[in-house]
Amino acid sequence: MKLLRKILPPEQWKFPVIIIMGIFVGIGAFVVKISKAPSYLSDKPETCMNCHVMAPQYATWNHSSHRERASCVDCHVPHNNVFNKYYFKAKDGTRHSYMFALRLEPQVIFIHEAGREVVHNNCVRCHEHLLTSDLRMANLPDFASHRTDRKCWECHRETPHGRVNSLSSVPYARVPVPESPVPAWMRRMLNETKKN
């Protein structure tokens, strides 16, 4: 009870503190809604389209054979355990949020080193049966070192995104358009104001 008394503000400050706390909670809830934060817990490829700069990557993946078997998360997030998966998603998502919020994203997007390792490990994980059963590959003298010394895309450059890296390379790609963060009632009100 003594601790509660120390935490609570004096009587004359209770109402202003409640108002200020309400404002912060409201702003926090608005940020969660506008950023579509809950969608990042899913594995849906459309989540990657929350930022329009991923349009070329989404469009090229959507027209590749990987679309039938693998989503963005299958390739770009570690799968060794659930904690590492969500830690990596949180770390990478925080970096992306920071860059996109402050408009620091480059025109041409390249994967970072940590992401390269994850993608390479996921290529090997998904295609392990091909790597071990293909006798032509198994008979190559340096085949065993391919998994560690080289990255898969050194030979498979067009998989699955092709050579597309910028918004200008696929300007007319059909991709899911992010929905407007402006509530419908506010859009109606703005449209009525424009008409008058």
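Just so it is clear, none of the values below were taken in a lab; they were calculated from the coordinates. Please read all numbers here as calculations on a predicted model, not as lab measurements. Neighbour counts are summed over all protein chains in view; Cβ atoms, including those assigned to glycine, are modelled from backbone coordinates with ideal geometry.
Between Arg116 and Trp13, with labels modelled 7 Å along Cα→Cβ, what's the label distance in nm to one decimal, could you check?
5.3
Express in nm, to one decimal, how much length is gained between Arg67 and Phe100 on full extension, taking 0.36 nm for each residue of separation and deducting their alpha carbon distance.
Gain on stretching Arg67 to Phe100: 9.3 nm.
Just want the ordering: Val175, Val108, from fewest to most Cβ atoms lying within 10 Å of their own Cβ.
Going from sparsest to densest Cβ surroundings: Val108, Val175.
In the range 38-134, what trypsin sites (Lys or Arg not before Pro) fall in a loop by DSSP, with at most 10 other Cβ atoms inside 10 Å?
Here the trypsin sites (Lys or Arg not before Pro) that fit, given the DSSP loop and packing criteria, are Arg69, Arg103.
Subtract the Cα-Cα distance of Arg187 and Ala90 from 0.36 nm times their separation in residues, and report this length gain in nm to one decimal. All intermediate terms of the calculation are to be shown ahead of the outcome.
On the way: separation 97, 0.36 × 97 = 34.92 nm, distance 3.23 nm.
Answer, rounded to one decimal: 31.7 nm.
Please turn the phi angles of the range 93-101 into ³J(HN,Hα) values with the Karplus equation 6.51 cos²θ - 1.76 cosθ + 1.60 (θ = phi - 60°), one per residue in order, whole Hz, x for glycine and proline.
Whole-Hz 3J(HN,Hα) from phi for the range 93-101: x, 5, 5, 5, 4, 4, 5, 6, 5.
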